[in-house]
Structures are given as C-alpha cells and as structure tokens.
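Here the structure comes first, spelled out in structure tokens, and everything after it is commentary.
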Ligand SMILES: Nc1ncnc2c1ncn2[C@@H]1O[C@H](COP(=O)(O)OP(=O)(O)OP(=O)(O)O)[C@@H](O)[C@H]1O
Ligand SMILES: [Mg+2]
C-alpha cells in the first residue's frame, strides 16, 4: 500500500517535472538562506565565546607612583568583583615586549631617551563570571581607582558587536519565519495546481470507491518528497558555499586562528526533517481547504 | 409492498424526485430492484435513465424521496462512508469515465488497489478481466488512443473487476458491433448467474430482446407502460 502511494507520488512528480523543480528550488533557497544565517550565528557565537573566556583588561598606571602606591592599587584591584588575577607588568617589560613584536622595526625604539610606556597591571577575569556587561562594569571600576590613568581591553569593540549581533539574530528569526510561511504556501499552491489538473481523475477514483485517504496519500508523499529534496539541495548548496569561504579564510589567516565548523549531523537531520514537515504542512493545509469546498 | 418484497429487494426507491433547474428529470419514482435480478431500464433519450442510476450510487442526491441500498438510506450517508456504498457497485458509465492519463491496465487495477487488495491479486485479476473483454493486447495503451468500442470494453472490465454485488451499466454496448456487444452481454449475464444484481440502461431493443429480463420503461422521468417491443 505504502509503495503504491509512493509509486503514484513519483509518477506525479515525473508528470509535473517543471512545477516540482520550481517548488523544490524555492524550498532549497529558503533552507539555504535560513541555515546560512544559522551557521553564521553558530560560528560567531563560538568566536565570541572564545574571546569572552580570554578577557584580559590592561590597567595603565599614572607615571611617578612609588612602590607603596602601586601595592595599594594592586590590593584594591584584587578586591574588585570578578577579578581572578592581576599581574604587574613594569614599563621595562612592556618595552621589551614591544621590541620583540616590532622585530626589525624596533630600531626606532633605540632612538628614545626614555621609556614612553606606562607601568601596567594585566587583570584576568574569572571565566564563569565574565560576560561582556561584567567586563565593562569592571573596566569602569578599575578606571575609578586612584592612580589609574587608563583602562583598555582589546575586545572592547566586541561589546558593540554583540548588540548588533543580537539585532541581526532577531532579524533572521523573523526572516526564517517568513521563509517558512512562504515555503508552506508554495508547496500548498503546487498541490492545489496538481489537484486541479487531476480533478477529473479524483472524481473517477471516488466513483469507483476509493477513500479520501487513498486519493490524497500520494499528494502528501509528493509534498514531503519536495520538502526533503528541497532541504537536501539547500544544505548541499550551503556546504559548497561553506567550503569556498573556509578555503578563502584559511588562505589569509594564520593557521588554526579561525576554526569554522559546519552544521553537525544531528542538525543536518533536523533541517531535512523540518523541511519535510514543511512539505507535509503545505499539503495538509491546501487539501483541507480543497476538501471543504 | 409486501414483506417478502422488502426482503428480496436490494434497492428500493420511494417517491423519488430529481430536479435540475426546476425541471423534473425524475418524477415520483417508486421502484424495487430485487437481489440477483437482471433489469433493463429503457426509454427515449432524456427520459431519466442515467439520472436514475446516478441516484443509486449517490452520484447525485435525490431532491425528494428515499433511496435504500441494502437497507441503508443513502441520502443520510455521511461523506466518509460513501466509498462503502460505491464498493457495492460496478458501474459502466455512459461516457466511460476512464482516466486519460492512466493506462488501460492502471485504470482497471485502480479499483482493486483502492479496495486494498494485495499486489499479486491485483496483477492476476486485472489481467484476467482484461483478457475476458479482449483487451489483453492494449494493457499499456492510454484511453485517448483507443476507439470508442475499446474504451467501452475497458469500462466494462473496470466495472466487473471488483466482483461487485450490483452492476450498473449505462448503454454498455452503445459503441460496439454486434459481436462485441454480445460478448459484453455474455459477461454481464455470467456475473448475474454468479449472483450479482445487474441493471442495464439502454434504448437498444435488440439488446433487451437478447436476454429474458424485467424491463421498466421510463418516459419523461416517470415509469410508463412499455410500448410494444
Ligand atoms: N447535470 C444536469 N444538469 C441539468 N440537467 C440535467 C443534468 N443531467 C440530466 N439532466 C436532464 O435530465 C433529463 C434526464 O437526463 P438523463 O441523462 O437521465 O437521460 P437519459 O435517459 O439517460 O438519456 P440518454 O438516453 O440520452 O442517455 C434530461 O432532460 C437532461 O437534460
Ligand atoms: Mg443516459
């Protein structure tokens, strides 16, 4: 019985090749766009997480502080909420590091008659407590400490990015919903068109004693096949795009710095299942409407 | 109507009316069709023969009156049980009603597939019935590529393939030569002998004379006295 419906569904697909191709492409496109957005979030979340774990705040001190004052500052820093460790970096060490980083260009530093760099503390946050908000809060508290001239953390710009990122996330939820509705509508419309072209056949089947279930089952199969194929095509396209982008990034970046990942097998399966369900739903709504008339 | 009639009747019509646009196609029709009866319904074109048959399998609803099939009042039959009524019937439609996009074989097999028969049975039975009507060489042809007579034979094959209890045949030999016509009538007669109730609508007098059977004569939607046959 099942194979009979499947056979008829495949027959229908073959007989309406163009219509089916258009429907499958539309679903594929929707899946591609939505899962591309999802993949982007997945990887950016990864990156943000990695940065968050490594938040280091540099606290630059005013010049002309004596040892006692420095100790007082260190004690105050250590007492602040969220601080795991504070390491003193004297300006000499900072200069050494700068020299090392500049390599061949370091000759310009030789011309200096005094060290222009300030003494500093490198503050590390407790990983579990470090959110972007907390980091900003801590940075402000550190700025308020007497004797501190400046506070900086390299990922401060990330905070602004996170806001943008969340906005983008909301937008793509809305977009995903829109594509979902569009896909359901398109599948439903395809079913309607095929049903319309088959109305004589449907009537004859009823006359010879076929149940509605028997008559309509192939339509469900067909729509679910459309959904599944659309999902698979969309994901294949996404994978190709992913490979292209990854090879580009790897060409310009230092090894292992950016480690992109693709959707996990479980997620891939979920996406295909979801798009199969979209096919089912489109068909169901369309048939429900048709049967009422 | 006596009790014994009621028991023997498989189809009962009580004061049945059917109107199309305020014009009566059938007027106050009361009729019993008995189990295992061979019945001819005849009358001039437009008399209401096809309309009468349609009311039996609920191809149309009565405007007034009652139709009982196997004791069930079919006007009250809910939509999701109509297929059970239709499965009692094997119908040769006047306009054949073959599915143009399905092959001869598929058209006939459809009845058995819809009835949930297993694939092996469907294959055997469909081929055998199509052989009986002499269409075994056109199994994969599509109806539009067939002559009127060939389509009619496929329509007959489809009507009988499910071994129905009641066969309704609307002009089943209208497009056939004498030889094919008598083959089809022989087939219907064989089903009758095996216990089926057969109702044939026709205005072919030669056909009616070919088999001893009850004949009802319709004229302008009413049962009338038959003119001399
Ligand atoms: N769907 C319909 N809409 C309007 N009028 C109809 C419809 N079906 C049948 N009629 C009318 O009902 C009357 C009976 O038609 P019916 O088809 O039952 O005649 P018939 O006896 O089968 O004729 P024929 O021998 O030509 O097949 C005719 O006057 C016909 O015009
Ligand atoms: Mg007629």
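When residue A:75 is tested against (1) modelled with pLDDT of 85 or more; (2) surrounded by fewer than 12 Cβ atoms within 10 Å (Cβ to Cβ); (3) under 37 Å from the mean Cα position of the chain (by Cα), exactly one condition is not met: (3). Residue-level check: of (1) on the phi < 0 side of the Ramachandran plot; (2) surrounded by fewer than 22 Cβ atoms within 10 Å (Cβ to Cβ); (3) under 20 Å from the mean Cα position of the chain (by Cα), residue B:127 misses just (3). In the condition set (1) within 12 Å of chain A (Cβ to nearest Cβ); (2) away from ligand 2 (no atom under 16 Å from the Cβ); (3) within 17 Å of the chain's Cα centre (by Cα), residue B:92 is compliant with all but (2).
Residues in the range A:1-19 that are surrounded by 10 or more Cβ atoms within 10 Å (Cβ to Cβ) and assigned to a helix (DSSP H, G or I): how many?
Selection size over the range A:1-19: 12.
I'd like the full set of residues that are within 14 Å of another protein chain (Cβ to nearest Cβ) and surrounded by 20 or more Cβ atoms within 10 Å (Cβ to Cβ), limited to the range A:216-235.
Answer for the range A:216-235, where residues must be within 14 Å of another protein chain (Cβ to nearest Cβ) and surrounded by 20 or more Cβ atoms within 10 Å (Cβ to Cβ): A:216, A:218.
For the criterion of being over 13 Å from the mean Cα position of the chain (by Cα) and over 20 Å from residue B:45 (Cα atoms), residue B:212 passes. Within the range B:44-74, if we keep just the residues that are more than 14 Å from every other protein chain (Cβ to nearest Cβ) and farther than 16 Å from residue B:15 by Cβ, the residue that is farthest from ligand 1 (Cβ to nearest atom) turns out to be B:71.
Filter the range B:75-88 for residues that are touching a helix residue (DSSP H, G or I) at 6+ places or on another chain (Cβ under 9 Å) and more than 12 Å from chain A (Cβ to nearest Cβ) and give the result.
Here is the first cut: in the range B:75-88, the ones touching a helix residue (DSSP H, G or I) at 6+ places or on another chain (Cβ under 9 Å) are B:77, B:79-80, B:82-83, B:85-87.
Correct list: B:77 only.
Residue B:176 falls short on exactly one of the conditions (1) away from ligand 1 (no atom under 14 Å from the Cβ); (2) more than 14 Å from every other protein chain (Cβ to nearest Cβ); (3) buried (at least 16 other Cβ atoms within 10 Å of the Cβ); (4) part of a helix (DSSP H, G or I), and that condition is (4).
Just one of (1) under 24 Å from residue B:103 (Cβ atoms); (2) away from ligand 2 (no atom under 16 Å from the Cβ); (3) at pLDDT below 95; (4) surrounded by 20 or more Cβ atoms within 10 Å (Cβ to Cβ) fails for residue B:181. It is (1). Filtering the range A:78-90 to residues that are assigned to a loop (DSSP other than H, G, I, E, B) and over 37 Å from the mean Cα position of the chain (by Cα) leaves only A:90. Hey, any hits in the range A:36-57 for a residue that's more than 27 Å from residue A:176 (Cα to Cα), at pLDDT 80 or above and over 23 Å from the mean Cα position of the chain (by Cα)? Yes, the range A:36-57 contains at least one residue that is more than 27 Å from residue A:176 (Cα to Cα), at pLDDT 80 or above and over 23 Å from the mean Cα position of the chain (by Cα). Of the residues making up the range B:10-19, those that are within 11 Å of ligand 1 (Cβ to nearest atom) and either within 14 Å of chain A (Cβ to nearest Cβ) or under 26 Å from residue B:167 (Cβ atoms) (or both) number 1.
The values are calculated or read from the model by the stated rules, or taken from the named source; none is laboratory data. These numbers were taken from a predicted model, which means no experiment stands behind them. Note: ideal-geometry Cβ built from the backbone for every residue, glycine included; neighbour counts use all protein chains shown.
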